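Single-structure report; data block below.
Just so it is clear, none of the values below were taken in a lab; they were calculated from the coordinates. Because the structure is a prediction, the values reported are computed rather than measured. Cβ: placed from backbone, ideal geometry, glycine included. Neighbour counts: every protein chain shown.
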Amino acid sequence: MKNSSRRGFMGKAFGAVAGVGAVGALYAMKKTWDPLPSVKAAGFTTLDMSAYKENELVVEKWRGKPIFILKQDASMVETADKNPKDKSRLIKVGEAYYLVCIGLCTHLGCIPGYNPDEKEFLCACHGGKYDATAAVTKAPPPRGLDIPPFKITGNKLVLGEEGPEYKKMKETGITL
C-alpha cells in the first residue's frame, strides 16, 4: 500500500510541476506577441492645435509617415464653403479649421510640396495637384490625400485614435 500512495503522490507532484511549467511557457509566449512599449507609444501622437499658424504647412511624423497640418485662413475657409464636400475634409478644433492628412500622394506615394502663395499642393513626380483641403484638382491622383485616424480632445488632436469625427468621415467616404 505504501508504493501506491507514493506513486500517487509522485504523479500529482509531477502533474503540478508540469502545470506550472505550462503556465510559465504560455505567459512567456504571450509576452513575445505583445508589441514593445516603444511601438505602442509610436501608435499615438498628440498635437496641440493652438501652436499652428495660418497658411503655414507643418509636417509632423506619425507611425513613420509625414502628416501635413495646415491651419486654414479666412480665404481658404471661404473657398471651402463653396464646396461642402471639400469643407468636410477639414477638421474643426475650437474655432479654427485644419487640414490634417497623410502627406503621401495617393497616386504613387510621393510627398507633395506646398505652395503657400497658390494655396495648393503639387506632386512633382506626375503633376498631380491638390487644393488646400487636400482634394484632387488635377489628375493623376485617384483621390484626395488620406486623413489619418484622429480624436479631438479639447484643443488637442490625438493621431492614431478613432474619434466620432473621424468615424463620420470614414462612413461618408471622405477617407479610407
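GNM on the chain, alpha-carbon springs under 10 angstrom: the most fluctuating residue among 47, 26, 157 is 26. Remark: spin-label model distance residue 172-residue 137 equals 2.2 nm, labels positioned 7 Å along the Cα→Cβ axis. Each of the trypsin sites (Lys or Arg not before Pro) that DSSP puts in a loop and that has at most 15 other Cβ atoms within 10 Å breaks the chain; the longest unbroken stretch is 83-142.
The 3J(HN,Hα) values that the Karplus relation (6.51, -1.76, 1.60; θ = phi - 60°) gives for the range 54-71 are, in residue order, 4, 6, 10, 6, 10, 9, 9, 10, 9, 6, x, 10, x, 10, 8, 10, 9, 6 Hz. Gly and Pro appear as x. Computed from point charges on the beta carbon alone (+1 for Lys and Arg, -1 for Asp and Glu), the dipole magnitude for the range 1-133 about its Cα centre is near 1780 Debye. Sort out for me the Cα centre separation of the range 81-96 from the range 101-176, rounded to whole Å. Their Cα centres are 13 Å away from one another.
Which net charge results when you count Lys and Arg as +1 and Asp and Glu as -1 among the other residues whose beta-carbon is under 13 Å from that of residue 83? Walk me through the numbers on the way to the answer.
Details: positive: 82, 85, 87, 89; negative: 78, 81, 86, 131.
Summing Lys and Arg as +1 and Asp and Glu as -1 gives 0.
Exposure proxy check: 44, 14 ranked by fewest other beta carbons within 10 Å? Can you show the working numbers first?
Values: 44 14, 14 10.
Starting with the residue having the fewest Cβ neighbours, the order is 14, 44.
By DSSP, what percent of the beta bridges with both residues in the chain are antiparallel, rounded to the nearest 5? Of those bridges, close to 95 percent are antiparallel.
Can you tell me how the chain classifies by the Cα gyration tensor, rounded, prolate or oblate, using a/c under 1.5 as the rounded cut? Walk me through the numbers on the way to the answer.
Numbers: a/c = 3.93, a/b = 3.15, b/c = 1.25.
Here the chain falls in the prolate category.
Entry note, the chain: the mean residue ellipticity at 222 nm calculated from DSSP H runs of n ≥ 4, each adding -39500 (n - 2.57), is -10000 deg cm²/dmol after division by the residues and rounding to the nearest 500. Choose one answer from 96, 135, 51: the residue with the largest mean-square fluctuation in a GNM of the chain with alpha-carbon springs under 10 Å. Evaluated over the chain, the most mobile residue of the options is 51. Residue order for 59, 136, 100, fewest other beta carbons within 10 angstrom first, comes to 59, 136, 100. FRET efficiency for the residue 63 to residue 16 pair, using the beta carbon distance and R₀ = 45 Å, is estimated at 0.50.
Positive-end ranking of 4, 110, 62 along the dipole of the chain, with charges on Cβ about the Cα centre, is headed by 4.
Result for the chain in a Gaussian network model with C-alpha springs under 10 Å: among 86, 48, 146, the largest mean-square fluctuation is at 48.
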